[in-house]
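The values are calculated or read from the model by the stated rules, or taken from the named source; none is laboratory data. Please read these numbers as outputs of a predicted model, since none were measured by experiment. Positions of Cβ are backbone-derived with ideal geometry, glycine not excepted, and every protein chain shown enters the neighbour counts. Please note that ligands, DNA and RNA were not included when accessible areas were found on the heavy atoms of the full protein model with its side chains. Shrake-Rupley method; radii C 1.70, N 1.55, O 1.52, S 1.80 Å.
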Amino acid sequence: MAEVLTTLRADGFDAEGVSTDGEARGLLETEEFAVLIIGGGVEPESRVALKEFVAVHGVRRVIDGALTAPFDTYVRREFEPLIREAAATA
């Protein structure tokens, strides 16, 4: 997660990262986030629950993150275009 956040922030995105479902829900309840990236280490039950939760909290795009190295290249190639697309539909 640290490398993803570093890359996104370096590229001008306002990104936050958390390690628990509760922390994620707390941030998402603010309805300040348009995109949720769910990391590859998130358990299937949590993944489903988070997707259901964001459906009513203003998130426009959910990205399932399964990174491959080099991480910065992957983030720029795979995640950033989807984030920009979600921002453009605001």
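What accessible area per residue comes out for the chain, rounded to a whole number of Å², with a 1.4 Å probe?
That works out to 61 Å² for each residue.
From the phi of every residue in the stretch 16-23, what ³J(HN,Hα) in whole Hz does the Karplus formula 6.51 cos²θ - 1.76 cosθ + 1.60 yield, where θ is phi - 60° and glycine or proline is x?
Once θ is set to phi - 60°, the couplings for the stretch 16-23 become 10, x, 9, 10, 10, 4, x, 5 Hz.
Grab the other residues whose beta carbon is less than 14 angstrom from that of residue 67, score K and R as +1, D and E as -1, and report the net.
Result for the local shell: -3.
Extension gain residue 49-residue 27, at 0.36 nm per residue separation less the Cα-Cα distance, in nm? Mind showing how you got there, number by number?
Numbers: separation 22, 0.36 × 22 = 7.92 nm, distance 1.49 nm.
Extra length from residue 49 to residue 27 when fully extended: 6.4 nm.
What's the FRET efficiency of residue 78 with residue 1 using the Cβ-Cβ distance as r and R₀ = 22 Å, to the nearest 0.05?
Details: r = 15 Å, r/R0 = 0.69.
Efficiency for this residue pair is about 0.90.
If I take every Cα pair under 8 Å that is 6 or more residues apart in the stretch 9-66, average their sequence separation and divide by the length, what percent do I get for the relative contact order?
Reported relative contact order: 42 percent.
Would you work out what percent of the accessible area of the chain, with all protein chains in place, is carbon or sulfur (probe 1.4 Å)?
Values: 2900 of 5500 Å².
That share works out to 53 percent.
What is the distance, in nm, between label points placed 7 Å from the Cα along the Cα-to-Cβ direction at residue 89 and at residue 67?
2.5
If you add up the charges near residue 19, with Lys and Arg at +1 and Asp and Glu at -1, over every other residue whose beta carbon is less than 13 angstrom from its beta carbon, what do you get?
Local net charge: -3.
Which entry is the computed Cα Rg over 2.2 N^0.38 Å for this structure: (1) 1.18; (2) 1.02; (3) 3.11?
Read-out taken from this structure: (2).
Divide by every residue of the chain the summed helix terms, -39500 (n - 2.57) for each DSSP H run of at least 4, and state the resulting mean residue ellipticity at 222 nm, rounded to the nearest 500 deg cm²/dmol.
Counting only the DSSP helices, I get -12500 deg cm²/dmol.
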